[in-house]
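What follows is a short report on a single structure.
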Number of protein chains: 2
Amino acid sequence: MALIVQKFGGTSVGSIERIEQVADKVKKFRDAGDDLVIVLSAMSGETNRLIDLAKQISDQPVTRELDVIISTGEQVTIALLAMALIKRGVPAVSYTGAQVRILTDSAHSKARILQIDDQKIRNDLKEGRVVVVAGFQGVDEHGNITTLGRGGSDTTGVALAAALKADECQIYTDVDGVYTTDPRVVSQAQRLDKITFEEMLEMASLGSKVLQIRAVEFAGKYNVPLRVLHSFKEGPGTLITIDEEETMEQPIISGIAFNRDEAKLTIRGVPDTPGVAFKILGPISGANIEVDMIVQNVAHDNTTDFTFTVHRNDYQAALQVLENTAVELAARKVVGDTKIAKVSIVGVGMRSHAGVASRMFEALAKDNINIQMISTSEIKVSVVIEEKYLELAVRALHTAFELDAPRQGE
Amino acid sequence: MALIVQKFGGTSVGSIERIEQVADKVKKFRDAGDDLVIVLSAMSGETNRLIDLAKQISDQPVTRELDVIISTGEQVTIALLAMALIKRGVPAVSYTGAQVRILTDSAHSKARILQIDDQKIRNDLKEGRVVVVAGFQGVDEHGNITTLGRGGSDTTGVALAAALKADECQIYTDVDGVYTTDPRVVSQAQRLDKITFEEMLEMASLGSKVLQIRAVEFAGKYNVPLRVLHSFKEGPGTLITIDEEETMEQPIISGIAFNRDEAKLTIRGVPDTPGVAFKILGPISGANIEVDMIVQNVAHDNTTDFTFTVHRNDYQAALQVLENTAVELAARKVVGDTKIAKVSIVGVGMRSHAGVASRMFEALAKDNINIQMISTSEIKVSVVIEEKYLELAVRALHTAFELDAPRQGE
């Protein structure tokens, strides 16, 4: 008999019919003898409806009050699911974040979980009840309702699993697992049975939207086995877990991530003096713009070129900041490009295999894809290329690293 | 500087525009220097929408879970009003019933308030904030969300006013006060400046729907001055207060109440033996039917006639029960009538004035209105008449007791 935390997102509880389907699913696990804690999001669209209501009052609604409003979304779904379970003869009880007592800090709309009181839930489990908990929300030490920010329900699920020392935290979603890359781009993409937390973190931060980064970090930190599954299809999904020795036989590369959300900015002919990086990036972060990749070329004639990427939404703002900086630093000029894409190969296997990066570059060269920027970490190599080559690059790499599924009939 | 509790109902907060209007009104009081606690209902229609959602899952939803869902209605309006106040530069904070800690018993969907923790609210008032509280809801000793049942927001307002020893509890609604009778029936009806708790209770229980009976009882018990006002029109409204000596000069009769919700049942030729009333009414209350007026005529030939009224919705069920009883008691026969109306005169003044009832009967006789049943209490005389005479009777009594407003030009 296992203790499982199951999290269902907004689409999975988006209608009464879907909630009934979730109840059927939960009952099946229950009948198999598992202890269950269910974490739910609001019905899809509901959080936006509530935010819209608030925005009709104020463009910048007070976050304390906004949290009071949007936390009602999950409060409705948890009670509906509890009702649906009880109707099926499954004893169940719902709790809001405040009722469980999911204690958070007071950073409304982006609160962090500090502590979870597991007493109530443990008592209910002991008495045979399925416990249905509102995701995405908590309460601060003063009793104010807080929310964790978008996608926070994944984090609630993982945090509960950690607090309860659950055997597994299952995240039900609209895909049946984590893939070697986006199947819409590469039809040969394969579902991974297993992936490590580190790989999943890189995949998530590189644009694979299956799981929230915070939830993966949390799961890694507390070593909560995390499984991604499809809400309404059967299947084993993908288990995200620690890098045990048995995983040594896995392929060098687990997956290929990509995104088109970034833009590139270059400041040319900057005097190559100490502190110049700070002089360039200080004003950027001062304008609340997050920088992703950073490349500084070797100095040449005592000047250097400095390139970085930002989210495409921040491109115009960053360009303006950078042009001011260029004047101050007497740089030669500023150029920018929004038509770029980032492609990354991710895998813990590359730690013990040399030549992974060069194999990547070779595959791209073969298809005449020019690499504009390169950045590496221990388990990832990312390149920036011209956006129009994105699909071509992803397919080439997927094949080069032997991730393609066997073709039917082969 | 007064401390005022103001309660706004669902229609008054039925749209963003209305909530903004309420915020304007609250700001006006605030600018005049009053300390304010605002109690809100859910936006009109919202509670029904939420109940409908629950009913899609289950015809008989578990009341604990139903309370979790429907309490979200007020949770949304309190935060919206707090936002609207803050936008106007008025410091404000919202609290759910659980956050205030409005402690109730555990009778979900019809909970009773046991205790209110006034600490948080007092602190906020001290720091200059307007406190916006969700009506209709509370929390039991185990932390479960409870609701007080329909109209419970009035009760929340009065209970808060009692706990805070507020100077006044103002109930904002869609009428500008309590009238001598329904202005739709008697155009000469007048708004009362004052009415006693007892009179208001009789008026409310007799069909005047301005205030919830529970709220009036509560206000009377804790002597909370209660004022009924129009949400969006200026005016002094009607003050409901204790019967002080100064009110001795008020008219004998304060108002005329009526309703058409009842039906009459008579069992004829019942053997006149001890315990017969219980034998008749026991099975009725056993069938969960509430009885209003009861009249037993003087025995005649050792048999008696026994008549009572029930809500019209319960008429068929009551008739069936009574017919079984008639067989058991060997009564002569059972007759019923749904085309009746009840008209009542209400006033504390009748305590010290003889002949009030006969003056009522005289007025009705003058218009040839036959009286079918009579029942009296210390401050009320009720008669049952044929339904078609209702308007005529109310107008006749309104004039006979000198309640008519002076005609224009007089």
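Below, the figures for the structure above:
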| item | result |
| --- | --- |
| Test: residue in region B:200-212 that is in contact (Cβ under 8 Å) with a residue 60 or more places away in the chain and closer than 24 Å to B:VAL22 by Cβ | yes |
| Boolean, B:GLY97 is modelled with pLDDT of 95 or more, within 13 Å of chain A (Cβ to nearest Cβ) and either touching a Gly at 6+ places or on another chain (Cβ under 7 Å) or under 30 Å from A:GLN60 (Cβ atoms) (or both) | yes |
| Region B:324-354: number of residues that are in contact (Cβ under 8 Å) with a residue 40 or more places away in the chain, part of a helix (DSSP H, G or I), under 23 Å from B:ALA287 (Cβ atoms) and of a type in the set (Val, Ile, Thr) | 1 |
| Whichever residue in region A:368-377 is in contact (Cβ under 8 Å) with a residue 60 or more places away in the chain and exposed (fewer than 15 other Cβ atoms within 10 Å of the Cβ) and, among such residues, is farthest from the chain's Cα centre (by Cα) | A:ILE374 |
| Some residue of region B:10-31 being at the interface with chain A (Cβ under 8 Å from one of its Cβ atoms), of a type in the set (A, V, I, L, M) and touching a residue at least 60 places away in the same chain (Cβ under 8 Å) | yes |
| Region B:278-303 - residue that is more than 27 Å from the chain's Cα centre (by Cα) and closer than 21 Å to B:ILE340 by Cβ and, of those, surrounded by the fewest Cβ atoms within 10 Å (Cβ to Cβ) | B:ASN297 |
| From the options A:VAL178, A:VAL224, A:VAL210, A:VAL132, residue that is in contact with a strand residue (DSSP E or B) (Cβ under 6 Å, 6 or more places away or on another chain) and closer than 30 Å to B:TYR95 by Cα | A:VAL132 |
| Residue within region B:116-124 that is surrounded by fewer than 24 Cβ atoms within 10 Å (Cβ to Cβ), among the polar types (S, T, N, Q) and in contact with a helix residue (DSSP H, G or I) (Cβ under 9 Å, 6 or more places away or on another chain) present | no |
| Total residues in region A:58-100, condition within 25 Å of the chain's Cα centre (by Cα), polar (S, T, N, Q) and farther than 17 Å from A:SER44 by Cα | 2 |
| Region B:283-313: number of residues that are assigned to a helix (DSSP H, G or I) and touching a helix residue (DSSP H, G or I) at 6+ places or on another chain (Cβ under 9 Å) | 3 |
| Residue within region A:32-41 that is touching a Ser or Thr at 6+ places or on another chain (Cβ under 8 Å) and within 7 Å of chain B (Cβ to nearest Cβ) present | no |
| Residue satisfying all of: in region B:138-196; within 14 Å of the chain's Cα centre (by Cα) and charged (D, E, K, R); nearest to B:ASP404 (Cα to Cα) among these | B:ASP154 |
| Complete set of residues in region A:46-83 that are among the charged types (D, E, K, R) and either within 7 Å of another protein chain (Cβ to nearest Cβ) or not in a helix (DSSP H, G or I) (or both) | A:ASP59, A:GLU65 |
| Filtered residues of region B:84-115 (kept if touching a residue at least 12 places away in the same chain (Cβ under 8 Å), surrounded by fewer than 21 Cβ atoms within 10 Å (Cβ to Cβ) and not in a loop (DSSP other than H, G, I, E, B)) | B:LYS87, B:LEU103, B:GLN115 |
| One residue from A:THR77, A:THR72 being polar (S, T, N, Q) and touching a Phe, Trp or Tyr at 6+ places or on another chain (Cβ under 9 Å) | A:THR77 |
| Residues located in region B:124-167, provided they are in contact with a Phe, Trp or Tyr (Cβ under 8 Å, 6 or more places away or on another chain) and over 18 Å from B:GLN212 (Cα atoms) | B:VAL131, B:VAL132, B:VAL133 |
| Candidates B:ALA204, B:ALA287, B:ALA219 - the one that is at pLDDT below 85 and of a type in the set (A, V, I, L, M) | B:ALA204 |
| From the options A:LEU85, A:LEU103, residue that is in contact with a Leu (Cβ under 6 Å, 6 or more places away or on another chain) and not hydroxyl-bearing (Ser, Thr, Tyr) | A:LEU103 |
| Residue within region B:32-39 that is assigned to a helix (DSSP H, G or I) and free of Cβ contacts under 8 Å to residues at least 60 places away in the same chain present | no |
| Count of region A:142-180 residues which are buried (at least 20 other Cβ atoms within 10 Å of the Cβ) and acidic (Asp, Glu) | 1 |
| Residue list for region B:378-392, restricted to those being assigned to a helix (DSSP H, G or I) and without any contact (Cβ under 8 Å) to a residue 60 or more places away in the chain | B:LYS388, B:TYR389, B:LEU392 |
| Some residue of region A:128-136 being of a type in the set (Gly, Ala, Ser) and either within 23 Å of A:MET350 (Cα to Cα) or in a strand (DSSP E or B) (or both) | yes |
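The values are calculated or read from the model by the stated rules, or taken from the named source; none is laboratory data. Given the structure is predicted, the values throughout are model-derived calculations rather than measurements. All Cβ positions, glycine included, derive from the backbone under ideal geometry; neighbour counts span all protein chains shown.
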